[in-house]
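Some notes on the structure that comes next.
The values are calculated or read from the model by the stated rules, or taken from the named source; none is laboratory data. Note that the structure is predicted; figures quoted are calculated from it, not measured. Positions of Cβ are generated from backbone atoms using ideal geometry, with glycine treated the same way; all protein chains shown enter the neighbour counts. Heads up: the accessible areas ignore ligands, DNA and RNA and are worked out on the full protein's heavy atoms, side chains in. Shrake-Rupley method; radii C 1.70, N 1.55, O 1.52, S 1.80 Å.
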Amino acid sequence: MIKGYQSRLLLIIVTIITGIITLVSPALSVPESCVYHPEVYQGVNLSNLSDELENTGLLGEIHGTVPEENIFVFAVRDPDNFFDFQHFSVIPGNKQTQETLKQVGRHDQVCLQGKLIKNPSPQPHIVVQSAVVTESWQGLAGYKGYEYQADIPEELKYRNHAIFKVHFVNNEGKILVVEYKDKVLPIYVKNIELTKDLYRGYLIDLSYKIQPWPGYPTHLNLTLNTENPLKTVDRLVDKHNIDTKLTGKLVKFPQSPQIQFDVYAIEVITEGLPRYYTLVNFEDIKEFETIREKLANIWNSNLSTVESGRNFLINPNIMMEAQGKINVVSPQQANPQILLENANKIQQLSMVN
């Protein structure tokens with residue numbers, strides 16, 4: 001009896017242990033999600049990034065978002081080269097992912113799992129099944145969310161040309177994104193001869209048609225059968241190294257993963273479109289600190305009138321004048337710069353009522 005009881009007890013124990021192993025083994029075999037493997041990101045190889053996306057998840061930051069138009073742009077970078085990066089257009093693959101992405105903001109660090117899809121655009125598109133925010137950027141916290149002014153596509157429906165600002169250009173002109181007022185629009189490029197020499201910040205007059213698909217976000221096609229479908233209205237690079245005096249409202253780009261400290265700028269309106277000239281001094285670190293301190297004092301003395309911009313803060317009541325050489329050295333440069341000799345070259349003009 002005792003031996004029989006011991007045998008049955010041993011059988012029960014073995015069965016329990018086997019069950020536990022069976023349950024635990026699949027979990028142990030599943031790769032841990034949202035783990036950063038730096039070697040995958042080196043060289044920003046699309047094949048490697050695609051594999052990571054489908055397995056443990058791709059880690060990067062939100063470059064831009066317009067939730068009401070289903071626009072989400074995700075960026076990953078080479079860990080050894082900040083300027084080597086890849087942008088992805090993000091398509092929510094389910095309702096839960098869509099709700100998560102609607103809450104993300106620029107510079108938020110996220111982990112996406114999904115699949116790269118075939119698309120005629122040179123900018124890769126991914127369908128995302130899972131999105132996890134790993135770190136939120138708080139640079140605009142405490143301010144009312146920005147409200148877009150442009151009504152797209154309504155404002156462009158009954159026109160065949162308009163002036164736009166180049167928001168982003170890459171891949172020898174194959175990728176072109178423009179701004180109409182404060183809205184961002186992708187352009188489907190068929191002739192790179194028209195786009196290969198553009199710089200970010202250029203103002204261009206486009207003859208266009210609204211692409212019928214997809215409905216959101218709105219895409220534009222150049223009307224290639226029109227003479228000069230793309231005309232450059234204002235070339236920033238022509239102003240490079242020219243001493244200039246500009247006036248504009250004071251702007252602040254809060255510290256983010258891309259910049260080490262708060263960066264100040266002025267908003268300059270040209271052809272009805274804003275450009276943001278950052279105020280810098282690269283030759284004298286101490287003088288640059290003095291410039292930033294002066295601007296920070298002006299900013300902090302007028303916090304009651306600060307408002308949210310699209311991805312920055314702006315004080316519409318503070319008008320500034322800056323004198324220095326314009327600096328535009330790369331087609332990928334996010335904003336033109338004014339190289340200030342010293343802090344005296346930037347002055348507060350007045351309070352705008």
Inset, instruction - Could you pull out every one of the lysines with an alpha carbon less than 23 Å from that of Lys345, ignoring same-chain neighbours closer than 8 positions? - result: Lys239, Lys245, Lys249, Lys252, Lys286, Lys294, Lys325
Inset, instruction - Scan [x] -0.54; [y] -0.38; [z] -0.34 for the value of log10 I(q)/I(0) by the Debye sum over Cα atoms at q = 0.07 Å⁻¹ calculated from this model and give just the label. - result: [y]
Inset, instruction - Express the Stokes-Einstein translational diffusion coefficient of region 218-335 in µm² s⁻¹, to the nearest whole number, given a Kirkwood radius over alpha-carbon pairs, 20 °C and a viscosity of 1.002 mPa s. - result: 132 µm²/s
Legend entry - Most to least packed among 254-267, 279-292 [average Cβ atoms within 10 Å]: 254-267, 279-292
Legend entry - Within the accessible area of region 98-141 (1.4 Å probe), percent carbon and sulfur: 48 percent
Inset, instruction - Determine the gain in length on full extension of the stretch Val132-Asp243; use 0.36 nm per residue of separation and subtract their C-alpha separation, reporting nm with one decimal. - result: 35.3 nm
Legend entry - Relative contact order [Cα under 8 Å, 6+ residues apart], the chain, whole percent: 11 percent
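Rolling a 1.4 angstrom probe over the protein heavy atoms, how many square angstrom per residue are accessible across region 60-161? Could you put the intermediate results ahead of the total?
Details: 5460 Å² over 102 residues.
Here the per-residue accessible area is 54 Å².
Under DSSP H, which helices of the chain have Cα atoms covering 24 Å or more of the helix axis and a Kyte-Doolittle average no less than -0.5? Please report the intermediate quantities before stating the final value.
Details: long enough: 2-29 (40 Å, 1.45).
Helices passing the filter in the chain: 2-29.
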Legend entry - Solution diffusion estimate, µm²/s, Stokes-Einstein, region 158-277, Kirkwood Rh from C-alpha pairs, 37 °C, viscosity 0.692 mPa s: 209 µm²/s
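Filter the GluC sites (Glu not before Pro) in region 32-101 down to the DSSP loop ones having no more than 11 other Cβ atoms within 10 Å, then list what survives. Provide the component values of the computation, followed by the final result.
Working: sites: Glu32, Glu39, Glu52, Glu54, Glu61, Glu68, Glu69, Glu99; in loops: Glu32.
Taking region 32-101 and a limit of 11 other Cβ atoms within 10 Å, the loop GluC sites (Glu not before Pro) found are Glu32.
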Legend entry - Within the accessible area of region 160-306 (1.4 Å probe), percent carbon and sulfur: 47 percent
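Can you give the FRET efficiency to the nearest 0.05 for Ser308 and Asp234, using r as the Cβ-Cβ distance and R₀ = 22 Å? Walk me through the numbers on the way to the answer.
Details: r = 27 Å, r/R0 = 1.21.
Once rounded, the FRET efficiency stands at 0.25.
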Inset, instruction - Could you calculate the FRET efficiency of Gln333 with Glu54 from 1/(1 + (r/R0)^6), where r is the beta carbon distance between them and R0 is 41 Å, rounded to 0.05? - result: 0.75
Legend entry - Table column - 3J(HN,Hα) (Hz), region 181-194, Karplus curve with 6.51, -1.76, 1.60, x for Gly and Pro: 6, 10, 10, 9, 9, x, 10, 7, 8, 10, 10, 6, 4, 7
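Lys and Arg at +1, Asp and Glu at -1: add these up for the other residues within a Cβ distance under 14 Å of Leu101 and post the number. If you can, show how the numbers build up before the last one.
Details: positive: Lys95, Lys102, Arg106; negative: Glu61, Glu68, Glu69, Glu99, Asp108.
So the environment of Leu101 carries a net charge of -2.
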Inset, instruction - In a Gaussian network model over the chain where Cα atoms closer than 10 Å are linked, find which of Asp243, Asp80, Asp182 has the largest mean-square fluctuation. - result: Asp80
Inset, instruction - In nm, give the distance between the simple-model label positions of Asp151 and Gln255, each being 7 Å from the Cα along the Cα-to-Cβ direction. - result: 4.2 nm
Inset, instruction - Whole number in Å², please: accessible area per residue of region 242-348, 1.4 Å probe, ligands, DNA and RNA not counted. - result: 47 Å²
Legend entry - Residue-span extension gain [Glu283 to Gln42] - 0.36 nm each, minus C-alpha spacing: 83.6 nm
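So what is the 222 nm mean residue ellipticity for the chain from helices alone, if each DSSP H run of at least 4 adds -39500 (n - 2.57) and you divide by all residues, rounding to the nearest 500 deg cm²/dmol?
Working: 6 runs with 69 residues, N = 353.
Estimated from H runs of four or more residues: -6000 deg cm²/dmol.
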